[in-house]
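Report on the following structure.
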Amino acid sequence: MIDQAQRSLIAAVPTSRDPGVPLREALDSFLQQLRAAEAAMPTWHDERVAHEWTKCSAGIAEARAAAERLKDLNIELTFEQLNAQIGDVLYSLEAFVDAERGLRRR
């Protein structure tokens, strides 16, 4: 679910062959995917992974807040600004990568 959320937001970045999805549309999709991921969080809440779970839960909240701030900007962004803003939104979701690595080592 987090991968889908990330992909939906990255779809706003234009390439040489694709103008990208409108940012507002990408943000709406991203936020919808985050809600689905957040709804699934209780399914893996377990004392053995409490630390990782807490970091992931906080990561979702931070990503949501950053996405909402970006949505509220309502300004035209350059390519570089768009990439930086999207990177800022996605950064907190790295907690899921860290959690996956940690769980695989157990």
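The numbers here are math on the coordinates, done by the rules we state, and not lab data. It should be emphasised that the depicted structure is a prediction, and the values quoted were computed from it without experimental measurement.
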log10 I(q)/I(0), Debye, Cα-only the stretch 8-85, no solvent, q = 0.26 Å⁻¹? -1.21
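Residue separation times 0.36 nm, minus the C-alpha to C-alpha distance between residue 38 and residue 94: what's the value? Intermediate values should be presented prior to the final figure.
Details: separation 56, 0.36 × 56 = 20.16 nm, distance 1.50 nm.
Full-extension gain reported as 18.7 nm.
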